Each structure stands twice: as C-alpha cells, then as structure tokens.
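*Asks:* Next up is a structure, given as structure tokens.
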Amino acid sequence: MMKRIVIFAVSAIAVFMGGCAAPHYNMERAMETVRERASFDMGCDRVSSQLLGDVVRHDVSNPSLDGEFHHSYTIREMIIGVTGCGKRASYFVRCRGQQCTSRLDAVSE
C-alpha cells in the first residue's frame, strides 16, 4: 500500500511539473521544427516564425492492461507562420512531449 502511495505521489509531482514547464518548451521546439522545415521548403537560410493560431491542447489517457495505472500525455496543435526570402508560409504543428511535427498548410509568394 505504501509503495502505491509513493508511486502516486511521484507521478503526481512529475505531471504537475511537466504541465508547468511543457507549454514554453513545446512552443520553442515547435518554432524550431517549423523554421528548419520552412528553410528547406523555401530554399532560404534566414526565416522568422510567429504563432498565428491558438494552441489547442488535447489530454490523452490510456489505461494499462492491468487497469490500475493510466499512461497519459498531452498533444498541442498550433498554426505557425514563417517568412523569409520574399516568401510566406503557414504550417500546422503538432507536439507530443518533446517531439514536434510540422505540415505545410499554405504558401504565398
């Protein structure tokens, strides 16, 4: 019983601390991911990015096979605009933890 309480307490602290730190970290990671992708897509070394759409947060929880512990994670989605070399583009970005992926949404020259 004591072991379960300790595991629960440690898990709760980790979730709380991760929830406080994650939005800033994910935003930086999202911007970095988009700048790398846009630099390649546009053939431009100097690009700048800005948040265009609100960050949407999805909390996902999956029960384990024994039904006692739930694995949960947060997915954040946003639209980020990029400019560089006379071109503009927007990207749909999805982050789960420290992993972000981006998809070209629209281009304008």
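The values are calculated or read from the model by the stated rules, or taken from the named source; none is laboratory data. Because the structure is predicted, anything quoted here is derived from the model rather than measured. Heads up, the Cβs are rebuilt from the backbone with ideal geometry, glycines too, and the neighbour counts pull from every protein chain shown.
*Asks:* Of the conditions (1) at pLDDT 95 or above; (2) farther than 16 Å from Asn26 by Cα, Tyr91 clears all except one; give me its number.
*Replies:* (2)
*Asks:* Please indicate, with yes or no, whether at least one residue in the stretch 27-49 is assigned to a strand (DSSP E or B) and either at pLDDT 95 or above or of a type in the set (Ser, Thr, Tyr) (or both).
*Replies:* yes
The rows are residues; the columns are (1) outside any strand (DSSP E or B); (2) aliphatic (A, V, I, L, M); (3) within 29 Å of Cys44 (Cβ to Cβ).
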{"site": "Asn62", "(1), (2), (3)": "no, no, no"}
{"site": "Asp66", "(1), (2), (3)": "yes, no, no"}
{"site": "Ser72", "(1), (2), (3)": "no, no, no"}
{"site": "Thr83", "(1), (2), (3)": "no, no, yes"}
{"site": "Ser90", "(1), (2), (3)": "no, no, yes"}
{"site": "Cys95", "(1), (2), (3)": "no, no, yes"}
{"site": "Cys100", "(1), (2), (3)": "no, no, yes"}
{"site": "Asp105", "(1), (2), (3)": "no, no, yes"}
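*Asks:* Also, quick follow-up: Considering every residue within the stretch 57-68, establish whether at least one is surrounded by 10 or more Cβ atoms within 10 Å (Cβ to Cβ), at pLDDT 95 or above and more than 13 Å from the chain's Cα centre (by Cα). Steps first, please.
*Replies:* From the stretch 57-68, those surrounded by 10 or more Cβ atoms within 10 Å (Cβ to Cβ) are 57-58, 60, 63; that's our starting set.
If we keep only those that are at pLDDT 95 or above as well, we get none.
No; the residues of the stretch 57-68 include none that is surrounded by 10 or more Cβ atoms within 10 Å (Cβ to Cβ), at pLDDT 95 or above and more than 13 Å from the chain's Cα centre (by Cα).
*Asks:* Please determine whether any residue of the stretch 6-14 is at pLDDT 55 or above, exposed (fewer than 12 other Cβ atoms within 10 Å of the Cβ) and outside any loop (DSSP other than H, G, I, E, B). Don't jump to the end; show me each part of the working.
*Replies:* Within the stretch 6-14, the subset at pLDDT 55 or above is none.
No, because not a single residue in the stretch 6-14 is at pLDDT 55 or above, exposed (fewer than 12 other Cβ atoms within 10 Å of the Cβ) and outside any loop (DSSP other than H, G, I, E, B).
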